[in-house]
Every structure is written in structure tokens, then in C-alpha cells.
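A.B. asks: Sharing a structure below in C-alpha cells format, with a few things to ask.
Bear in mind these aren't lab numbers, they're just calculated from the coordinates by the rules spelled out. Just so you know, these numbers come straight off a predicted model, no measurement behind them.
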Amino acid sequence: MARTSIGGRRRGNGAQAVLIIFSVIGVIAVLCCLACGGCTVGLFTLGAISDSNGGFKQEFADAIESQVADLPDVKRELGEITYIRTRMFDSIDAEEEFESEDVWAFDVRGTDGKGQIFVECVDIDDPVCTRRILRVDGQDFDLGPTPQIEFPGDSSDPDLDDVFAPLQTGEGTDAEVDVPVPADANDSGSSRTGPSNP
């Protein structure tokens, strides 16, 4: 009887060990599934935030569209732009291709074709690009950098040189300026520069 009970305990302990092993494997499998699912959801979320219309990079894409829409190469190859979207994963590949950490890729479609636009730009809020490239069917068109915007001077704020120019008669010589003097100053015999009072 004692042997039978010992053998029974051994069989019970073996079953518990197998159950524990399967439980550990199950927990690991569930954690792996959760991790993979989290990564997948994260990637889809990143794509939704960065690539979809209304995403936080869509304003950047719209600014690039306004820059390039009227350029001759773009109008010839694409026609009127109807769609532009930031492509995060293509941007990563473009950074390697163009050897710059500030390259952004855009899918662009127009009335006459589709392609990609790559821009090198540090600040997406104020996109002044050092390079802009249109790629259609494997052919690249250099669109050049963003032209600098020159703001006209404010005419209501005159240059100081223009203000003081009438006060100079020659090089370093100050002109005489009439200064009004009270009438009683003439009576005291004080001298002044300027026309005398009547």
C-alpha cells in the first residue's frame, strides 16, 4: 500500500510539473501575442496620425503642395495636384538615399499622373526647403530650394540717414538751424541764430 501511495504521488507531481510547464508556455505565448498586437496597433496608429488626411503632418504636406503646384516640371508631369500625403516609411528610406536626416517623402497625384516628392526641410512648421525633388516613373526632376521671401520695407518707418540728411550741408558740417527764441530774450541782448522777431 505504501508503494502504491508513493507511486501515486509521483504521478501527481509529474502531472503538476507538466501543467506548470504548459502554463508557462501559455503565458509566454499570450505575452508574445499581446506584444505583436501592440506593435501592430502602434504602427497603424502611427500611420493614421502621420499619413491620413487631417493628420498632424497634413499641414506640412499642404504647404509643400502650395510651393510646388505651379512649378513647370510638376505641371508638365502631374498636371493639377489633387492629392498629397506624407509617407513616413518612405521618408526613412529617403533619408538613407539622400544622406540627410531631414528628408521627407510625399505621395502626390495629379490630373495627369502620379509620383513622389522629396524635400529636405528642417522645420515642418515653416517649411523652407534646401532641396525639392519630383520623382515620376523613376526619373528625378530637381525643383530647387524654396525661394527666399523678401518682404518690402515699411514706408512708414523712414531711414534715419534720410531724416538727418537735410541737417547736413557738407561732409561732417552741421547746418545752422533756426530756433525760436522768446521776445524778451532780444531785450536782454542775448545773441541767437535765426531770423529776428518783428
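A.B. asks: Under 5 Å between amide H atoms, partner at least 5 residues away or on a different chain: which partners does Gly79 have, H built in plane at 1.01 Å?
C.D. replies: Asp112
A.B. asks: If the viscosity is 0.890 mPa s and the temperature 25 °C, what Stokes-Einstein diffusion coefficient in µm²/s follows for region 54-143 when Rh is the Kirkwood radius over Cα pairs? Intermediate values should be presented prior to the final figure.
C.D. replies: Numbers: Rh = 12.8 Å.
Translational D for this selection: 191 µm²/s.
A.B. asks: Relative to the present Cα-Cα distance, how much length would full extension add between Glu99 and Ala17 at 0.36 nm per residue of separation?
C.D. replies: On the way: separation 82, 0.36 × 82 = 29.52 nm, distance 5.58 nm.
That pair, Glu99 and Ala17, stretches by 23.9 nm at full extension.
A.B. asks: Name the residues whose placed amide hydrogens come within less than 5 Å of the amide hydrogen of Cys129, ignoring near sequence neighbours (fewer than 5 apart) on the same chain.
C.D. replies: For Cys129, the qualifying residues are Thr146.
A.B. asks: Figure the gain on full extension for Gln148 and Asp112 (residue separation times 0.36 nm, minus the Cα-Cα span) and round it to one decimal in nm. Present the calculation step by step, with values, prior to reporting the outcome.
C.D. replies: Numbers: separation 36, 0.36 × 36 = 12.96 nm, distance 2.93 nm.
Length difference between fully extended and current span is 10.0 nm.
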